[in-house]
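Presented below is the structure to which this report refers.
What follows is calculated from the coordinates using simple rules that are stated; it is not laboratory data. Here the structure is a predicted model, which is why all the values come from computation and not from measurement. Note that each Cβ is placed from the backbone with ideal geometry, even for glycine, and that neighbours are counted across all protein chains shown.
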Amino acid sequence: MKMDGMNHSGHDQSAGMKMDGMKTPNYTHALTMEKMAMGQDVSGVDHSKHSHDMSSMKVDLDSIEIPMDMNPTLPQISVPKKEGPQIDMRATGAKYRLDDPGVGLRNNGRKVLTYADLRNLYPTRHEPQPTKELVLHLTGNMERYMWSIDGITFDEAPPLQFNFGERIRITFINDTMMNHPMHLHGVWSELETGDENHIPRKHTVIVQPGAKISYRVTMNARGDWAYHCHMLYHMMGMFRRVQIR
Ligand SMILES: [Cu+2]
């Protein structure tokens, strides 16, 4: 079976997971913060022409960007994991690659929009920082076309349980060579793009092969919710029940 135009037969695993020199998003806000700390103007207004106009003292709030810590130290939620033939590869050194257009769309001469370009039109709501992190590995065996999360399929997995109102950071590491659009029902997935002030709120978040992605969730909807990959053929394994109590 051939998928996504990739030839999976007999591929070298290390070569297969090699990143093509991709980098994490370039954040300009650190520099912006530095300038502001030094008392420099960051609003882009030329104050020299109207230095007596008090309105020019106004700081453009939109330009104040708070650096986002992409590797915060948070207590980890422990989840069961299983090794075995259901996992045929691991993404060692998975990185945030939000600016990567993805397989087949890189360096093709066109501007390709990526998650790094996604910006909420409205300022981020004032939500507390997450208190815990849930790290999940998207796992599989390409040859056997088996899919799982942390090596465990839906029928074997205990539900993921959260307390109502909890603020959680979820990080996915995609150990496979396919994209997995992960959908957590019932609550918003607030994607970490690097821009702390305009965090996009999503339902489904695509996790690219060999990549890492993080988002924040406020568990503010009581009930049992589906959490799954949106690829129909992956869903049986890449599925979890989420319980918010
Ligand atoms: Cu999938």
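For residue 224 paired with residue 163, estimate the spin-label separation in nm (one decimal), with each label point 7 Å from Cα along the Cα-to-Cβ line.
Calculated label separation equals 2.3 nm.
Based on the alpha-carbon gyration tensor of the range 73-244 and its eigenvalue square roots a ≥ b ≥ c, which shape applies: rounded if a/c is under 1.5, prolate if not and a/b is larger than b/c, or oblate? Don't skip to the end; give the middle numbers.
Numbers: a/c = 1.80, a/b = 1.05, b/c = 1.71.
Because a/c hits 1.5 or more and a/b fails to exceed b/c, the range 73-244 counts as oblate.
Cα gyration tensor of the range 114-177, axes a ≥ b ≥ c as square roots of the eigenvalues: rounded (a/c below 1.5), prolate (a/b > b/c) or oblate? List each step's numbers first, then the result.
Values: a/c = 3.44, a/b = 1.51, b/c = 2.28.
Taking the square roots of the gyration eigenvalues as a ≥ b ≥ c, the range 114-177 is oblate.
Taking neighbour counts of Cβ atoms within 10 Å as a proxy for exposure, in what order, fewest first, do 235, 177, 146 appear? Don't skip to the answer; put the middle values down first.
Working: 235 15, 177 22, 146 19.
Ascending number of Cβ neighbours within 10 Å: 235, 146, 177.
Can you tell me the length gained on complete extension of the stretch residue 185 to residue 92, counting 0.36 nm per residue apart and subtracting the Cα distance?
Working: separation 93, 0.36 × 93 = 33.48 nm, distance 2.91 nm.
Contour length minus Cα-Cα distance gives 30.6 nm.
Within 10 Å of each residue's Cβ, count the other Cβ atoms and sort 154, 164 from fewest upward. Before the final figure, lay out each step's value.
On the way: 154 18, 164 12.
Ranked by crowding around the Cβ, least crowded first: 164, 154.
Please identify which residues in the range 85-102 have an amide N closer than 16 Å to a label point set 7 Å out from the Cα of residue 71, following the Cα→Cβ vector.
92-98, by backbone N distance to the label point.
Quick one: what does P(r) look like for the range 72-172 with 5 Å bins over all Cα pairs, in whole %?
P(r) over the range 72-172, rounded to whole percents: 2, 9, 14, 15, 17, 17, 14, 8, 3, 0.
How high is the relative contact order of the range 107-245, given as a whole-number percent (alpha carbon pairs under 8 Å, six or more residues apart)? Can you show the working numbers first?
Values: 316 pairs, mean separation 42.1, N = 139.
Relative contact order here is 30 percent.
Only residues of the range 122-156 count here: report those whose backbone N is under 11 Å from the spot 7 Å along Cα→Cβ of residue 198, or say none.
Taking a point 7 Å out along Cα→Cβ of residue 198, the residues of the range 122-156 whose backbone N falls under 11 Å are 122-124.
What does DSSP give for the range 73-244 in terms of the percent of beta bridges that are antiparallel, rounded to the nearest 5?
Details: 29 of 42 bridges.
Among the beta bridges of the range 73-244, antiparallel pairing accounts for roughly 70 percent.
Under the rule a/c < 1.5 gives rounded, and otherwise a/b versus b/c splits prolate from oblate, where does the range 153-223 land using the Cα gyration tensor? Walk me through the numbers before you get to the answer.
Values: a/c = 2.10, a/b = 1.05, b/c = 2.00.
Taking the square roots of the gyration eigenvalues as a ≥ b ≥ c, the range 153-223 is oblate.
Starting with the fewest neighbours, write out 214, 148, 78, 189 ranked by other beta-carbon atoms found within 10 Å of each beta-carbon. Numbers along the way, then the final one.
On the way: 214 23, 148 26, 78 8, 189 19.
So the residues, fewest neighbours to most, are 78, 189, 214, 148.
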